[in-house]
Amino acid sequence: MFINSHIASGYLAGTFSKQESKWVWLLIFSTILPDIDGIWSSTVAGHHSILHTPIFWIVICSICAIIGKIQKRNDIEKGSRIILAGAMLHLITDWLTARTVGIQWLYPFSETNYWIYPIEPEKGDIPIWDMVIPPYINFYFENKILVYSEILVNFAALGWAGKTYLIKK
Ligand SMILES: [Zn+2]
């Protein structure tokens, strides 16, 4: 899934779960956190590091939530839960839209990659920034169900944000 679609899905999830705007912002931010591994990986297919495994976020966020609970800091506890939700939303949407690399749901117990539509890892053997140009973009757009659902998520988020903005004015 492209980064704008992650942002859009985080916005929609935050808005429809009726969170205060600071938590919606944190949720949006957390939906892009796993893709930080794109900075240090050389290829699209290779960019799924430990940041793309659920165990990483469960461990980190649970530790932070426990610290928040001990220190009676509700904001830290809630923030940890929001970050976990955002990262999980990222993993679920990456899993649904996997084209070249899946999600290792059971890592570290198993290194099996999971995906919905068959993936073609060799097509992801390109630098990250080449994702937005042919031939990768053409390959990505071959799966029409994924393309239309990604476009729909973006339009829904933009439409909802626009509607909210107009109501406030
Ligand atoms: Zn990702």
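Going through K78, K69, K18 one at a time, which residue ends up being open to solvent by 50 Å² or more (accessible area, probe 1.4 Å), away from the ligand (no atom under 16 Å from the Cβ), without any contact (Cβ under 8 Å) to a residue 60 or more places away in the chain and assigned to a loop (DSSP other than H, G, I, E, B)?
K18
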The condition from (1) within 16 Å of the ligand (Cβ to nearest atom); (2) over 16 Å from H48 (Cβ atoms); (3) of a type in the set (K, R) that R99 misses is numbered (2)
Log entry, pairs with first residue in the range 28-39 being aromatic (F, W, Y), second being at pLDDT 95 or above and more than 9 Å from the ligand (Cβ to nearest atom), beta carbons closer than 8 Å, six or more apart or on different chains, reads F29/G10; F29/G86
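Being farther than 15 Å from F2 by Cβ and either open to solvent by 40 Å² or more (accessible area, probe 1.4 Å) or in contact with a Leu (Cβ under 7 Å, 6 or more places away or on another chain) (or both): is that true of D125 here?
Values: farther than 15 Å from F2 by Cβ: yes; either open to solvent by 40 Å² or more (accessible area, probe 1.4 Å) or in contact with a Leu (Cβ under 7 Å, 6 or more places away or on another chain) (or both): yes.
In short, yes.
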* Among the residues of the range 42-55, is there at least one that is small (G, A, S), away from the ligand (no atom under 14 Å from the Cβ) and closer than 15 Å to W160 by Cα? -> no
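The values are calculated or read from the model by the stated rules, or taken from the named source; none is laboratory data. No experiment lies behind these values; they were computed from the predicted model shown. All Cβ positions, even for glycine, are placed from backbone atoms using ideal geometry, and neighbour counts span all protein chains on display. The area values use the complete protein model at the heavy-atom level, side chains included, leaving out ligands, DNA and RNA. Shrake-Rupley method; radii C 1.70, N 1.55, O 1.52, S 1.80 Å.
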